[in-house]
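Data block below; observations after.
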Amino acid sequence: MVDALLPEVDAGRHAARSSIGERFRVTAHAFADGHDEVAVALLYRRHGEESWQHAPMVLLGNDEWEASFAPDAIGRWEYTTVAWVDRYATWLVDLRKRVDAGWDVRGELQEGADLVSAAAAAAHGVDHDALRPAATWLRDESLDVPRRLGVAEDPAVLAAMRRARGRAEETWYARILPLWVDRARARFGSWYEMFPRSETPDPARSATFREAARRLPDIAAMGFDVLYLPPVHPIGTTARKGRNNTLEAGPHDVGSPWAIGSEEGGHTAVHPALGTIDDFDWFVREAGTHGLEVALDLAFQCSPDHPWVREHPQWFRHRPDGTIRYAENPPKRYQDIYPLNFHTADWEALWRELLHVTLFWVEHGVHVFRVDNPHTKPFRFWEWLIDRIHREHPDVIFLSEAFTRPKRMAALAKLGFAQSYSYFTWRNAKHEIVDYFTELTQPPLRDFLRPNLFVNTPDILHEYLQTGGRPAFLARLALAATLGPSWGMYSGYELLERTPVAPGSEEYLDSEKFQVRPRDWHAPDRITEQVTQWNHLRRAHAALQYNHDLWFLPIDNDQVVAYVKAAPGGAEGGEPGHLLTTVSLDPTSPQGGSVGLPLAALGLPSDAPFVVHELLSDRRYLWRGEWNWVALEPSQPAQIFAFERPQGAPEPEGILP
């Protein structure tokens, strides 16, 4: 019997997710009645291939088996498992017992010879060459029993006999399960969000793409991988918002980039103040020369001036008086934005146009999209759109910006979003962090949902940052950089921008969403150096590049969180090994505590000292035993330690939750 094959997302309705450079681990339950030995294999292949690749599954105990494989191509894969009674292994176990008991085993050796002879008759190549003489030697009574037992246990014979089973003897799992394999960037990366128009030498006007490109070397130097741009399209003038989201815009107010569309074009146009589509293409290429991949906001909504409003009024919702309903999220109103009606009678034409928009930007070099509010559009639309894009461009990554209820966030991930915004911003207390990230890094969420931990966004300035100052910014930076393989930062974070528009609000004062906002990137009170250091550590250590093997450790202080991360077995990326991170959540006072280490799992001695290397300060400390003291200051609220095992110490077996 074969059951409980995991991961299995909604009985195979949706795909589990993996990535290039990541081993995909599978477990299953398999057993037989009686005392026969069972063998189990993991079967996997790219979707559309006829033949299966095989990986033997290893018994973990209690009839649970495990195997893994490393997909070598992006796109759709599939996997299942098969089990069978291993008659040869059963015979061999029984033979060993009889030999150990001193019994006469001549009859048993003849039975084994018959099994091997029958397998040899059906085998070809190296298997036939290994089995045919083995059958002869097993029958040869001139050889002593230990010699014949050695023949039976020869690795080549064992391998050939495992492959010699007949299909009639196999029991397959009930389903073939889907797996989607992304490129590595979907799993690991550091994101930086910027408004190109603010990179201007003249505060009275927007910057162009070519002017904004002057910022690229600095962003790349901080170690970022993805440069995320809000919408770059023409902005409507009807009901345009003024500074700080006021209802009356002045003659020089530039409006919100999310109010897309004007007489100058819609979703496939570039705002004239930024330049032309050729300038955009140049900007994408220039970013690439600095190792930055450009991500673009995909916001399916329109300003009242969008060409679609005039050409396709049926694509919008209308009030009884015939006017088009603007967007609302009480108590917020977005008079400058018209939502699309995805359920219009003309929905097929609308959906095809949105597919055309997405493909347009893919063809202009954008292969990462941050999708605005996907939970407010039909889920079946996203499943259709992402599938259509992936048929021709499986490398395209979609990030879901859905700050919504947990099950809806999970559903979007199942439908094809490679990454998801998370509740990280609102998880600030120790128990909140422990509970939330334990959930994110364990099945079932880990099987299909990848969080992207943004420390701030143009819409979200949490109270913790407003009141905690520089120590709070450093603590949240450390948490985001180490708890998740993907994290993000909205520009200005490195300058400690933290003034809200009003007490109790999470909106920024003088929000960049509504105005051009040049900055002094060389201001003295900045944390650019710390951002750079964390990003470089992330690239250097594979443990920070995967959403696996996170274990929160005991520490006798509720103001300090401590955890170990490790790269999964066989992972590619940076230096392997375990990393211990400790972060103070108190931005006002020194904090410390004794942290409990799982010495055996880390491969560390229980009866001898060992060295820990604190990577931020490049200092080494001599620790001993399970409990060791850490001390943190508001000026340096985080530490990250690598373990330097004594010479000859065993490699760790892995972190077990």
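The values are calculated or read from the model by the stated rules, or taken from the named source; none is laboratory data. Here the structure is a predicted model, which is why all the values come from computation and not from measurement. Cβ coordinates were reconstructed from backbone atoms using ideal geometry, including for glycine residues, and neighbour counts include every protein chain displayed. Areas reflect the complete protein model, heavy atoms only, side chains present, ligands, DNA and RNA absent. Shrake-Rupley method; radii C 1.70, N 1.55, O 1.52, S 1.80 Å.
Which of the following residues is outside any loop (DSSP other than H, G, I, E, B), over 17 Å from ARG370 (Cβ atoms) and without any contact (Cβ under 8 Å) to a residue 24 or more places away in the chain: TYR464, TYR436?
On inspection, the qualifying residue turns out to be TYR436.
Here is a list: SER206, SER142, SER198, SER190. Which entry is open to solvent by 70 Å² or more (accessible area, probe 1.4 Å), farther than 23 Å from VAL2 by Cα and of a type in the set (S, T, N, Q)?
SER142
Considering each of GLU37, GLU8 in turn, give the residue that is more than 23 Å from VAL116 (Cα to Cα) and of a type in the set (D, E, K, R).
None of the other options fit; the residue is GLU8.
Sort out which residues of the range 282-302 are part of a helix (DSSP H, G or I) and open to solvent by 30 Å² or more (accessible area, probe 1.4 Å), and write them in order of number.
TRP282, ARG285, GLU286, GLY288, THR289
PRO394 - would you say it is closer than 24 Å to TYR192 by Cα, open to solvent by less than 60 Å² (accessible area, probe 1.4 Å) and either among the charged types (D, E, K, R) or out of contact with any Ser or Thr (no Cβ under 9 Å at 6 or more places or on another chain) (or both)? Break it down stepwise before answering.
Working: closer than 24 Å to TYR192 by Cα: yes; open to solvent by less than 60 Å² (accessible area, probe 1.4 Å): yes; either among the charged types (D, E, K, R) or out of contact with any Ser or Thr (no Cβ under 9 Å at 6 or more places or on another chain) (or both): yes.
In short, yes.
Among the residues of the range 39-51, write down those that are open to solvent by less than 50 Å² (accessible area, probe 1.4 Å) and over 25 Å from the mean Cα position of the chain (by Cα).
Passing the criteria: ALA39, VAL40, ALA41.
Select from the range 209-226 the residues that are open to solvent by 20 Å² or more (accessible area, probe 1.4 Å) and either without any contact (Cβ under 8 Å) to a residue 40 or more places away in the chain or not hydrophobic (A, V, I, L, M, F, W, C) (or both) and list them in ascending order.
ARG210, GLU211, ARG214, PRO217, ASP218
State whether one or more residues within the range 522-529 are within 25 Å of VAL611 (Cα to Cα) and in contact (Cβ under 8 Å) with a residue 12 or more places away in the chain.
no
For the range 618-632, state whether one or more residues are closer than 30 Å to GLY469 by Cβ, assigned to a loop (DSSP other than H, G, I, E, B) and at pLDDT 95 or above. Before you say what the answer is, go through the steps one by one.
Just the residues of the range 618-632 that are closer than 30 Å to GLY469 by Cβ, to begin with: 618-619, 621, 628-632.
Those still in the list that are assigned to a loop (DSSP other than H, G, I, E, B) too: 618.
Those still in the list that are at pLDDT 95 or above too: 618.
Checked against the condition, which is being closer than 30 Å to GLY469 by Cβ, assigned to a loop (DSSP other than H, G, I, E, B) and at pLDDT 95 or above, the range 618-632 yields at least one hit.
So which of PRO652, PRO646, PRO576 ends up being under 24 Å from the mean Cα position of the chain (by Cα), open to solvent by 20 Å² or more (accessible area, probe 1.4 Å), at pLDDT below 95 and not small (Gly, Ala, Ser)?
Numbers: PRO652 fails: under 24 Å from the mean Cα position of the chain (by Cα); PRO646 fails: under 24 Å from the mean Cα position of the chain (by Cα).
Step by step, each of PRO652, PRO646, PRO576 is checked, and only PRO576 is under 24 Å from the mean Cα position of the chain (by Cα), open to solvent by 20 Å² or more (accessible area, probe 1.4 Å), at pLDDT below 95 and not small (Gly, Ala, Ser).
Give PRO500, PRO518, PRO485 a once-over and let me know the one that is touching a residue at least 24 places away in the same chain (Cβ under 8 Å) and in contact with a Pro (Cβ under 7 Å, 6 or more places away or on another chain).
Numbers: PRO500 fails: in contact with a Pro (Cβ under 7 Å, 6 or more places away or on another chain); PRO485 fails: in contact with a Pro (Cβ under 7 Å, 6 or more places away or on another chain).
PRO518 is the lone residue from the list that is touching a residue at least 24 places away in the same chain (Cβ under 8 Å) and in contact with a Pro (Cβ under 7 Å, 6 or more places away or on another chain).
Report, by residue number, each residue of the range 534-564 that is of a type outside the set (A, V, I, L, M, F, W, C) and not in a loop (DSSP other than H, G, I, E, B).
Passing the criteria: ASN535, HIS536, ARG538, ARG539, HIS541, GLN545, TYR563.
Just to check your reading of the model, which residue among TRP91, TRP77 is within 30 Å of VAL26 (Cβ to Cβ), of a type outside the set (A, V, I, L, M) and in contact with a helix residue (DSSP H, G or I) (Cβ under 8 Å, 6 or more places away or on another chain)?
It is TRP91.
Of VAL116, VAL58, which residue is farther than 30 Å from GLY189 by Cα, open to solvent by 70 Å² or more (accessible area, probe 1.4 Å) and among the β-branched types (Val, Ile, Thr)?
Selected residue: VAL58, the only one of VAL116, VAL58 that is farther than 30 Å from GLY189 by Cα, open to solvent by 70 Å² or more (accessible area, probe 1.4 Å) and among the β-branched types (Val, Ile, Thr).
Matching residues to (1) out of contact with any Leu (no Cβ under 8 Å at 6 or more places or on another chain); (2) farther than 23 Å from LEU483 by Cβ; (3) modelled with pLDDT of 95 or more; (4) outside any loop (DSSP other than H, G, I, E, B):
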position: ARG498; (1), (2), (3), (4): no, no, yes, no
position: SER511; (1), (2), (3), (4): yes, yes, yes, no
position: PHE514; (1), (2), (3), (4): yes, yes, yes, no
position: PRO518; (1), (2), (3), (4): yes, yes, yes, no
position: GLU529; (1), (2), (3), (4): yes, no, yes, yes
position: THR532; (1), (2), (3), (4): yes, no, yes, yes
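Would you mind stating whether THR238 is modelled with pLDDT of 95 or more, over 33 Å from the mean Cα position of the chain (by Cα) and open to solvent by 10 Å² or more (accessible area, probe 1.4 Å)?
yes
Mind listing whichever residues of the range 218-267 are β-branched (Val, Ile, Thr), touching a helix residue (DSSP H, G or I) at 6+ places or on another chain (Cβ under 8 Å) and more than 24 Å from GLY288 (Cα to Cα)?
The answer is VAL254, and nothing else.
Applying the selection to the range 429-465, what residues are more than 22 Å from ARG538 (Cβ to Cβ) and buried (at least 18 other Cβ atoms within 10 Å of the Cβ)?
Residues satisfying the conditions are LYS430, ASP447, PHE448, PRO458, LEU461, HIS462, TYR464.
Which one of these is open to solvent by less than 60 Å² (accessible area, probe 1.4 Å), touching a Pro at 6+ places or on another chain (Cβ under 9 Å) and free of Cβ contacts under 8 Å to residues at least 60 places away in the same chain: ALA67, ALA130, ALA156? So that I can check it myself, show each step before the final result.
Numbers: ALA130 fails: touching a Pro at 6+ places or on another chain (Cβ under 9 Å); ALA156 fails: touching a Pro at 6+ places or on another chain (Cβ under 9 Å).
Criteria check complete, one pass: ALA67.
Just give me the residues in the range 70-110 being open to solvent by less than 60 Å² (accessible area, probe 1.4 Å), closer than 17 Å to HIS35 by Cβ and touching a residue at least 40 places away in the same chain (Cβ under 8 Å), in sequence order.
ALA83, TRP84, VAL85, ASP86, TYR88, ALA89, THR90, LEU92, VAL93, LEU95
Only residues that are more than 30 Å from TRP551 (Cβ to Cβ) and in a helix (DSSP H, G or I): list them for the range 467-496, please.
Correct list: THR467, GLY469, GLU494, LEU495.
Return yes when ALA418 is open to solvent by less than 10 Å² (accessible area, probe 1.4 Å), among the hydrophobic types (A, V, I, L, M, F, W, C) and within 19 Å of GLN636 (Cβ to Cβ) and no when it is not.
No: the conditions fail for ALA418.
Restricting the range 607-622 to residues that are on the phi < 0 side of the Ramachandran plot and without any contact (Cβ under 8 Å) to a residue 24 or more places away in the chain, which is most open to solvent (accessible area, probe 1.4 Å)?
Per the stated criteria, the residue is ARG619.
I'd like to verify a number: residues in the range 535-568 that are touching a residue at least 60 places away in the same chain (Cβ under 8 Å), open to solvent by less than 10 Å² (accessible area, probe 1.4 Å) and not polar (S, T, N, Q), how many?
10
One line per residue, one yes/no per condition, for (1) among the basic types (Lys, Arg); (2) open to solvent by 90 Å² or more (accessible area, probe 1.4 Å); (3) not in a loop (DSSP other than H, G, I, E, B):
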residue	(1), (2), (3)
VAL309	no, no, yes
GLN314	no, no, yes
GLY322	no, no, no
ARG333	yes, yes, yes
ASP336	no, no, no
ALA345	no, yes, no
GLU348	no, yes, yes
TRP351	no, no, yes
LEU359	no, no, yes
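So, in the range 382-421, of the ones that are over 18 Å from THR358 (Cβ atoms) and among the hydrophobic types (A, V, I, L, M, F, W, C), which residue ends up farthest from the chain's Cα centre (by Cα)? Show your work before the answer.
The first filter runs over the range 382-421 and keeps only residues over 18 Å from THR358 (Cβ atoms), leaving 403-411, 413-414, 420-421.
Checking the rest, the ones that are also among the hydrophobic types (A, V, I, L, M, F, W, C) come to 403, 409-411, 413.
Working: PHE403: 17, MET409: 14, ALA410: 13, ALA411: 16, ALA413: 11 Å.
The selected residue is PHE403.
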